[in-house]
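The values are calculated or read from the model by the stated rules, or taken from the named source; none is laboratory data. On a predicted model such as this, the values are computed, not experimentally measured, just so you know. Virtual Cβ from ideal backbone geometry, glycine too; neighbours counted across all protein chains shown.
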Amino acid sequence: MAGAMSPPFPAERGIEVYNKKLGMWIFLASEVMFFAALIGSYVILRFGATGEWAKPGIVLSIQITAFNTFLLICSSVSMVKAYAAIQDGFPDKMKFWLLMTILGGAAFVGIQIYEYIHLIEHGFVPSGFTEGSHLAELVENGTLPAATMGLYGSTFYTMTGFHGFHVTCGVVSMLYLYLFKALPGKYTPQDFGGIEVVGLYWHFVDLVWIILFTIVYLV
């Protein structure tokens, strides 16, 4: 009788998953404050600057970054599919969609590195612009404002760089789940806490990027 009244194993696992989920929500709350400070500082510096701000389309590659944004949104969708697949008891589909999410995140980081290389080659650096570069010529002929280029460069690389670091951490975390949890078959419809918790982080990172893309590249 005592054995019949014992709580089932999935319920015990459910409590553990809840604790992990709560921990992730607390961590994401701190991340909200971190990125809110970065974005708020950018807005204050941009609209409080005593001079014109450079138009993003002149300095940045909006088309490339728009495609990169699309990749990150797609990776968020594939993460949802991975979560739904393991919930429904389809571990093979979960592995596939988790792998697609990893590839999407890795592609985002790779394209961002390519963007940085391209920008630096054209003279756009955290301090503003390099002498003798293409951007220096645009500053000299008045196309770009010299007074605010330093602020523009420092805020751009700080915000996008920190976000890129968060994406990299997410990719590494998902790769760990894929290699050491998903492939060995450790996830079941009763125990998939890692997918859920990392999924929350990944959706947060995607949402932050949509905000950054809008205010840095489009506004």
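Looking only at segment 147-165, residues that are of a type in the set (Val, Ile, Thr), in a helix (DSSP H, G or I) and more than 17 Å from residue 61 (Cβ to Cβ) come to 2 in all.
With respect to the conditions (1) of a type in the set (A, V, I, L, M); (2) buried (at least 17 other Cβ atoms within 10 Å of the Cβ); (3) part of a helix (DSSP H, G or I), residue 144 lacks only one, and its number is (3).
Take the conditions out of contact with any strand residue (DSSP E or B) (no Cβ under 6 Å at 6 or more places or on another chain) and under 28 Å from residue 83 (Cα atoms) and apply them to residue 173. Does it pass?
Values: out of contact with any strand residue (DSSP E or B) (no Cβ under 6 Å at 6 or more places or on another chain): yes; under 28 Å from residue 83 (Cα atoms): yes.
Yes; evaluated as a whole, the condition is true for this residue.
Here residue 172 passes the criteria (1) among the β-branched types (Val, Ile, Thr); (2) crowded, with 20+ Cβ neighbours inside 10 Å; (3) more than 20 Å from residue 46 (Cα to Cα) except the one numbered (2).
Checked against the criterion of being surrounded by fewer than 20 Cβ atoms within 10 Å (Cβ to Cβ), touching a Pro at 6+ places or on another chain (Cβ under 8 Å) and farther than 20 Å from residue 193 by Cβ, segment 53-60 contains one or more residues that satisfy it. Within segment 83-92, one or more residues are modelled with pLDDT of 90 or more, outside any helix (DSSP H, G or I), over 20 Å from residue 205 (Cβ atoms) and among the charged types (D, E, K, R). Whenever a residue of segment 150-171 is under 19 Å from residue 36 (Cα atoms) and among the polar types (S, T, N, Q), its partners that are surrounded by fewer than 19 Cβ atoms within 10 Å (Cβ to Cβ) and at pLDDT 95 or above, lying with C-beta atoms within less than 6 angstrom and at least six residues away or across chains, give the pairs 154/126.
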